[in-house]
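The numbers here are math on the coordinates, done by the rules we state, and not lab data. Predicted, not measured: the structure shown is a model, and the values here were computed from it. Here the Cβ positions follow ideal geometry from the backbone for every residue, glycine too, while neighbour counts run over all protein chains shown.
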């Protein structure tokens, strides 16, 4: 077994490289998400999540804040983390035992490093950078004869140096809201729209609604969005043998 030489003690160089990015006085963008996991006698267990980072590239999420604000009749569970790492260079060819002993890495497996886990208790807030993949561990009902629920509030911080389009820049797109405003104005005796016949109001509505969406269309787009993120999670978490993602670099254990 070939063991690489290591310095006698840690020199603190990583701490010197650390930079603090202050948010005080800045205008920030935050994507908000509410999620509930509801269990019952018919489905008493949650199988756990998949390894993933949050969001798509165009959303520019740099940090995640998760607040577990309610947990009832749910067993203890954890949130695990891992990070991508460079392939070890100092090893003999096919030195399987050494690489597993030192780095817990195996041949033809992704170069990722487990960095621990934390218990997800009610009332706890967990914050971490979006460089880490994370995964929820499986859990079940404490009492399988009664229902249970776990509720979380997630806040995703967008890169403050790279703002993304938001409701600040884009007008409301709900078709129902526009229709309510239009027909509400028609019913107001002080509004000039009240003097127009219904046929003209319908024509105005037809000109305004293209590009807007109904609730049904919004729900369909929501499903597409969720499917898109599921594919991205597979690329980053489960189908790790593919090239092209941060967490997909394989360890071939070749001497060169």
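Some notes on this structure:
- Overall dimensions of segment 26-166, expressed as equivalent-ellipsoid semi-axes from the Cα gyration tensor (√(5λ), whole Å, largest first), are 31, 25, 11.
- Label-to-label distance for residue 225 and residue 13 is 4.4 nm, based on points extended 7 Å past Cα in the beta-carbon direction.
- Per-residue extension of 0.36 nm, minus the Cα-Cα distance of residue 132 and residue 103, leaves a gain of 8.7 nm for this segment.
- Rounded to the nearest 0.05, the FRET efficiency derived from the C-beta distance between residue 168 and residue 45 at R0 = 41 Å is 0.45.
- Order of 105, 212 - criterion: other Cβ atoms within 10 Å of each residue's Cβ, fewest first: 212, 105
- Full extension of the segment from residue 218 to residue 37, taken as 0.36 nm per residue of separation minus the current Cα-Cα distance, would add 62.9 nm.
- Extension gain for residue 65 to residue 149 (0.36 nm times residue separation, less C-alpha to C-alpha distance): 28.3 nm.
- Residue order, fewest to most beta carbons within 10 Å, for 164, 15, 53: 15, 164, 53
- Ranked for footprinting exposure by Cβ neighbours inside 10 Å, fewest first, 214, 188 give 188, 214.
- Spin-label model distance (nm) - residue 85 vs residue 23, 7 Å beyond Cα toward Cβ: 2.9 nm
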